[in-house]
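Let me begin by presenting the structure, written as structure tokens, before commenting on it.
Bear in mind these aren't lab numbers, they're just calculated from the coordinates by the rules spelled out. Since the model is a prediction, treat every value here as computed from it, not as a measurement. Counting neighbours? That spans all protein chains shown, and the Cβs are built from the backbone with ideal geometry, glycine included.
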Amino acid sequence: MNIVAIGAHPDDLEIFAYGFLAAASSRGDNLILGVATDGAAGGVNQGAELARQRADEARNGLAALGTPTLLDLPDGQLADAPNAQNRIKDFIRDAAPDLVITHAPEDYHPDHRALAAYARDAAGFICPVLFCDTLMGVGFTPDYYIDITPHFAAKQKAIMAHHSQDPSRFSSASAIMNRFRAAQCNAPDGHYAEAYRLDSRFPFTDIRDLLPPPPPYRPFYVSGSDALI
């Protein structure tokens, strides 16, 4: 499969989708990674120097998965950036994707919401679009859970590559999110999952066979079960 994953900012793919992408890569899928904005507004010392630093951090954070394409659109202004929609459409369609992964349209950041709209329009009838979990899962109802336990340490390392962002806070947040999603699947301590939702539209209604495996089923409140409860 050709899987396109595009995040709004230089650390978004690491925070929201790294586990899925690592699992997909390990089974042989081809990953096409994109970062929509330059990240220049994501810090105290905003501007071109920060954008250069964040570009290097994005390459380092995603190095184990591939080299990201940096579209360098303006951070914080994605919805109003001239030609942003066309740039994102060209990036997605040139990849001939079988699946597109991006932010949820209800996520907290306006750039995330704008990118969700651009990506789903670009995918059109070409392929399904899968939305990442929102920050801390607020307002998000998953369709699919992906077991990222074997890749969680690598995900944490990738997040920590973003030195300009005080990354320990996002490392901690992702640990909470991914542990909670695994716990929803009755997985015990030490297990982690990412949650996703399908942009349900004709003819894409059930794409489970395209995805990496979910956490294994664990019976609820059964003696001897390897389960949280």
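Structural remarks
- Alpha-carbon centroid distance for the pair the range 28-74 / the range 189-229, whole angstrom: 30 Å
- Using the Cβ-Cβ distance between Ala63 and Arg93 with R0 set to 25 Å, the FRET efficiency from 1/(1 + (r/R0)^6) comes to roughly 0.45.
- Normalising the average separation of contacting C-alpha pairs (under 8 angstrom, six or more residues apart) by the number of residues puts the relative contact order of the range 128-229 at 38 percent.
- Summarising the label geometry, the points placed 7 Å from Cα in the beta-carbon direction at Asn30 and Thr205 lie 3.0 nm from one another.
- Overall form of the range 56-156 per C-alpha gyration tensor (a/c, 1.5; a/b vs b/c): rounded
- For the chain, averaging the sequence separation of C-alpha pairs within contact (under 8 Å, six or more residues apart) and dividing by the residue count gives a relative contact order of 22 percent.
- Mean projected area (nm²) of the alpha-carbon convex hull when the chain is viewed from all directions: 12.0 nm²
- A run of the chain free of exposed loop cleavage sites, with chymotrypsin sites (Phe, Trp or Tyr not before Pro) counted only in DSSP states other than H, G, I, E and B and at most 15 other beta carbons within 10 Å, reaches its longest extent at 1-107.
- Per-selection Kirkwood Rh - the range 76-118 (Cα, Å, 1 d.p.): 10.9 Å
- Formal net charge of residues neighbouring Thr205 (Cβ-Cβ distance under 14 Å; K, R +1; D, E -1): -1
- Annotation: extensible slack from Lys157 through Met1 equals 53.6 nm (criterion: 0.36 nm per residue apart, minus Cα-Cα distance).
- Per the Debye calculation on the range 40-93 with a single equal scatterer at every Cα and no solvent contribution, log₁₀ I(q)/I(0) for q = 0.19, 0.31 Å⁻¹ amounts to -0.78, -1.13.
- Computed Kirkwood radius, in angstrom, where 1/r is averaged over Cα pairs of the range 3-44: 11.0 Å
- The tail of the calculated P(r) for the range 100-162, taken as Cα-Cα distances beyond 12 Å, holds 73 percent of the pairs.
- Residues whose placed amide H lies under 5 Å from that of Leu73, excluding near-sequence neighbours: Thr37, Asp38
- Positive contributions from Lys and Arg (+1) and negative ones from Asp and Glu (-1), summed over other residues with Cβ under 11 Å from the Cβ of His112, come out at -3.
- Mean projection area, nm², convex hull over Cα of the range 1-85: 5.6 nm²
- Full extension of the chain segment joining Asp121 with Glu49 gains 22.7 nm, where the gain is 0.36 nm per residue of separation less the Cα-Cα distance.
- Only Lys, Arg (+1) and Asp, Glu (-1) charged, at Cβ; the range 93-186 dipole about Cα centre in debye: 280 debye
- Over the chain: helical MRE at 222 nm, DSSP H runs n ≥ 4 each giving -39500 (n - 2.57), nearest 500: -11000 deg cm²/dmol
- Note on Tyr108 and Asp143: with the Förster distance fixed at 22 Å, the Cβ-Cβ geometry gives a FRET efficiency of about 0.65.
- Computed over all pairs of different Cα atoms, the Kirkwood value for the hydrodynamic radius of the range 104-229 is 16.0 Å.
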